[in-house]
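Structure, as C-alpha cells:
Computed from the coordinates by the stated procedures, all read-outs in this text should not be read as laboratory data. Because the structure is a prediction, the values reported are computed rather than measured. Here the Cβ positions follow ideal geometry from the backbone for every residue, glycine too, while neighbour counts run over all protein chains shown.
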Amino acid sequence: MAGLWGQGRDVRNVAASPPSSPALAEAPEDTGPMPETPDDGSHATILVVDDEADVRALIREVLTLNGYTVIDTGDPFEARRIAERQPIQLLLTDVVMPIMNGIELAQRVEAASPTTKVLLMSGYVTAAVKTSGRPLLSKPFRTSDLLAAIRQMLDSRSAFRRPAPPTAPRPGFGPV
C-alpha cells in the first residue's frame, strides 16, 4: 500500500494522485509486515477525529485493512458522545480543528472514558502540543509510521495521564 503524505490540511493518497505542490513529496511505499492484532485476540476500536473528510477516509481505510475497528467523525462533540457510549481503545485526533482543538478533545474524552488512550496528529507543532506531553504523530506521515504509532500506543500499559500537581507539603515535612 502506498504511503500517506501531506502537510496540515493537504494529505493525499500517493497511489491515487501525484504531488501537486513542490512542498509535498511522495513517501516511499511501505513494505513492512502488517501489525498483529492485540495478544488477547480482541480488535481495537479506534476513534479518528479530523475536520478533513479525505484524511479521515484515508486513515479509516489503512486501519480497517490492518484489522482495526474504526469510527470516524469530523465533529469533536460527536467524538466525545461516541466515547461516552461505547468502549474506545484509542482516540486518534488532529490537533488543529475549527470547532475544538484536539488537546481539549483529548481532555474531554479522557474525562468521559479514562481508559481510552490518546494519540495526537498534526502538521503543526504548537506550544500547546509540546506542553501537553501527549504523543504526537507529525504530518506528513507514512502508513508504516501511522501503524507503528498506533501499535505502540495500544501496547502501552496505561492511558496517558498528565502528572498531578505536587501536593502541598505536610507541616513538619518541608524543606528546612
Sort out for me the Cα centre separation of region 43-66 from region 123-157, rounded to whole Å. 14 Å
Sorted peptide list for 127-133, 138-144, criterion being average Cβ within 10 angstrom, highest first: 138-144, 127-133
Between Arg60 and Arg151, with labels modelled 7 Å along Cα→Cβ, what's the label distance in nm to one decimal, could you check? 2.5 nm
Total charge dipole magnitude, region 44-134, about the Cα centre, Cβ charges on Lys, Arg, Asp, Glu only, Debye to nearest 20: 360 debye
